[in-house]
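The values are calculated or read from the model by the stated rules, or taken from the named source; none is laboratory data. Bear in mind that the values here come from a model prediction, so they are computed numbers and not experimental data. Positions of Cβ are backbone-derived with ideal geometry, glycine not excepted, and every protein chain shown enters the neighbour counts.
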Amino acid sequence: MKTYLAVLTTLLLVSVPHGARAQGTVVVNGGFDTSAAGWTLSDGSFFGASFGNPPGSVRLDNANPSPSITPSASQTVTGLVSGATYAVSGDYLLQGKNPPPGNSFGVAVDGVFLFQTAAPIDINWYSFNFLYSATDSSAVLSLASMLNGTGIPYIIDNIAMYRIPEPSSSLLMGLGVLASAVFLKHRRRQLL
């Protein structure tokens, strides 16, 4: 049985692509722990290391809201694999009272909004997430507030973009876990 488990583990590790085993976010400084380095801010500012989820965030605000000005934070994300699927996620916090109806916050990839939302009814941290299929080795990730001239500022934090393992890799990993569980159950019965 030990040989069976060793062979199964080796097979599982060899069959999972290296990128799926040792991958992290392709976004640089998505936590804004000490600065907004790596991001281009347009009518946005680093909000300080004393505020965030955890501390460190960027505020997307404009003193004079107008339909033609959209505060944003953007970054060219590199190292993408064309055709691969990525999970994009992050946190946002409303920074205003009595928000008007309509979408006021959004996240875009290469200028196309893949997530938009109206202002929440309370002032709590909320999360967004969506899937994105890469079409090139790089893409521009942008987060924007005050969409549609709403004048609603937001704070952003914990921005990440992770590659999703291929279904075949996930399937092999699942089969490995299942086989291990069956082995352990069989072994437990033998010990009793």
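Which residue is surrounded by the most Cβ atoms within 10 Å (Cβ to Cβ), if the candidates are limited to the range 23-54 and must be modelled with pLDDT of 90 or more and among the aromatic types (Phe, Trp, Tyr)?
Phe32
Checking Gly96 against (1) more than 27 Å from Arg163 (Cα to Cα); (2) exposed (fewer than 15 other Cβ atoms within 10 Å of the Cβ); (3) of a type outside the set (Phe, Trp, Tyr): exactly one of these is not met. Which one?
Result: Gly96 fails condition (2) only.
Being at pLDDT 85 or above and either farther than 25 Å from Thr135 by Cα or outside any strand (DSSP E or B) (or both), is that true of even one residue in the range 6-15? Outline the logic, then answer.
Here is the first cut: in the range 6-15, the residues at pLDDT 85 or above are none.
No: zero hits.
Checking Pro101 against (1) surrounded by 15 or more Cβ atoms within 10 Å (Cβ to Cβ); (2) not in a strand (DSSP E or B), which test does it fail?
(1)
Can we say Gly174 is surrounded by 18 or more Cβ atoms within 10 Å (Cβ to Cβ), farther than 23 Å from Ser35 by Cα and modelled with pLDDT under 95?
On the way: surrounded by 18 or more Cβ atoms within 10 Å (Cβ to Cβ): no; farther than 23 Å from Ser35 by Cα: yes; modelled with pLDDT under 95: yes.
Taking the combined requirement at face value, the residue does not satisfy it.
Please work out which one of (1) farther than 29 Å from Ala84 by Cβ; (2) surrounded by 20 or more Cβ atoms within 10 Å (Cβ to Cβ) is the condition Gly149 fails and give its number.
Evaluating Gly149 over (1) farther than 29 Å from Ala84 by Cβ; (2) surrounded by 20 or more Cβ atoms within 10 Å (Cβ to Cβ) leaves (2) as the failure.
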